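Report on one structure; see the data block that follows.
The values are calculated or read from the model by the stated rules, or taken from the named source; none is laboratory data. From a predicted model like this one, the values you see are computed outputs, not experimental measurements. Note: ideal-geometry Cβ built from the backbone for every residue, glycine included; neighbour counts use all protein chains shown.
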Amino acid sequence: MPTEATITVHSLQGHGDVKIINVVGELDETNLPQFEEVLNPLVADESVKVFIFNLMDLKFMNSKVVGYFAYLYTTLSKFQRRIIFACYNQNIKDILQLVGLDKLVESQATLEGAIQAAYVMKTQ
Amino acid sequence: MEKQTVIIAITADLDYSGLVRHVANEVFEHAHFSKAWCGRLKLVVDELFMNACRYGSIKGKSVVHLAFEYDDQGMRFTIEDDGTGPQAKSAEELKAVIQKNAASMDVTRTSGRGLALISKMWTDGMVVEKSQHGGILISFVKRLENAESPPLMAPMALEVITPEPLQVTVTPVPPPPTAKATPVVKGPVVEIKLSGEIDQSNLAERIAPIASQVEIMPNGGILALDFSELIYINSTFIGAMAGWYRSLLEKGGTIRIIKPSPQIKEILSLVGLLNVLEIQE
């Protein structure tokens, strides 16, 4: 019974350099490779400038996954590429706060807010 | 409520992590923890199970033993492995690692990123000892928010580090001369020396002068934090530092960390700040 998560990626209409990554379910060490498999090609694609993670239906993630998000932030921010977390719940907020990642990565309460923030980032 | 006990013996396989989390959440709910605390304690259990499987057990062969004991006062959770994993440590070795890294809370660098932070911040005490099953026994206690009695178990006995009192001195330092003939407009470098430990007990008084300095930093200003005598920083201070960094970045400035210890560098690395801030060894 490996942990299950459904990960889908969409491009923002008219803005192929903004990707919305929807994560549904739970993320831990057992399915982190699956998550990395989806994300790594996008990280390698330098034309992708903004990553919006829609975490509305992410029920759980552990420290391994936080570590991967920290890696993503570090890797992308070096090249002025951005991450936005959207719609995360209290459990996700707790662990992000615990390690301080919430102070580094911009977060938005709604997906619409995240998309708006992505527009602003692109114009900066 | 009379004392309740739930005991589980489960094959050491991370594929059962979801099941363990589900059961843990059910038990914490039954013990009347709030929804928020159920989520946090579920994460602690997940981290401990992950470490028992990865380091103390042979996948698919070993058995990991979990026990939840709870009453009106709170919860005691215990997890034990058989110590057969190729990277298993003895309880004494793990405690030595814990003591060595106590200042940075990097308790289990060899047994799981984040466990130290999580256990330290979210439990009322953790104990590491030898298990009757051959490996390590780790237990933690958590009191219910409205419990009035003392904790069920004393906090883990760690080596107490008594630091020198924290000192903050603000010393304006002129910017270094540029080698180029073309003048470069840069703001000043403001150096702040920190020493000892920064934790919840002294956080506010330590943050305030730095935050005030950040507010008045001119464009291009560099906030140089001298960490050469700093032993420990907690996650809230790291968060504050990240906030200062963003503020300075908007004004074309940055933060320079001078001579951080390996333990502090490890924490900065964990949250991704190590490659963002300027580090001066």
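Miscellaneous remarks
- Among the conditions (1) under 17 Å from residue A:98 (Cα atoms); (2) crowded, with 18+ Cβ neighbours inside 10 Å, the only one that residue B:266 does not satisfy is (2).
- Residues of region B:211-234 satisfying the condition of being surrounded by 15 or more Cβ atoms within 10 Å (Cβ to Cβ) and in a loop (DSSP other than H, G, I, E, B): B:217, B:220, B:221, B:234
- One residue alone among B:76, B:21 is farther than 30 Å from residue B:269 by Cα and either of a type in the set (Lys, Arg) or at pLDDT below 90 (or both), and that residue is B:76.
Condition check ((1) part of a strand (DSSP E or B); (2) more than 9 Å from chain A (Cβ to nearest Cβ)) across all residues:
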{"residue": "B:10", "(1), (2)": "yes, yes"}
{"residue": "B:18", "(1), (2)": "no, no"}
{"residue": "B:24", "(1), (2)": "no, yes"}
{"residue": "B:27", "(1), (2)": "no, yes"}
{"residue": "B:33", "(1), (2)": "no, yes"}
{"residue": "B:39", "(1), (2)": "no, no"}
{"residue": "B:44", "(1), (2)": "no, yes"}
{"residue": "B:51", "(1), (2)": "no, yes"}
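- Pairs meeting the criteria (first residue in region A:1-14 and under 23 Å from residue A:116 (Cβ atoms), second residue among the small types (Gly, Ala, Ser), beta carbons under 9 Å, at least 6 apart or on different chains) are A:12/A:118.
- Any chance residue B:139 is assigned to a strand (DSSP E or B) and either surrounded by 15 or more Cβ atoms within 10 Å (Cβ to Cβ) or modelled with pLDDT under 80 (or both): yes
- Here is the figure for region A:1-40: residues that are assigned to a strand (DSSP E or B), touching a Ser or Thr at 6+ places or on another chain (Cβ under 9 Å) and not basic (Lys, Arg) total 11.
- Considering each residue of region A:72-92 in turn, none proves to be surrounded by fewer than 16 Cβ atoms within 10 Å (Cβ to Cβ), within 22 Å of residue B:36 (Cα to Cα) and in contact (Cβ under 8 Å) with a residue 40 or more places away in the chain.
- Filtering region B:187-207 to residues that are within 21 Å of residue B:250 (Cβ to Cβ) and either not assigned by TED's automatic domain parsing to the domain that holds residue B:250 or not in a strand (DSSP E or B) (or both) leaves B:187, B:188, B:207.
- Checklist (1) within 22 Å of residue B:243 (Cβ to Cβ); (2) at pLDDT 90 or above; (3) outside any helix (DSSP H, G or I); (4) more than 12 Å from the chain's Cα centre (by Cα) applied to residue A:117, failing item: (3)
- Failed condition for residue A:59, given (1) within 21 Å of residue A:14 (Cα to Cα); (2) of a type outside the set (A, V, I, L, M); (3) in a strand (DSSP E or B); (4) within 12 Å of chain B (Cβ to nearest Cβ): (1)
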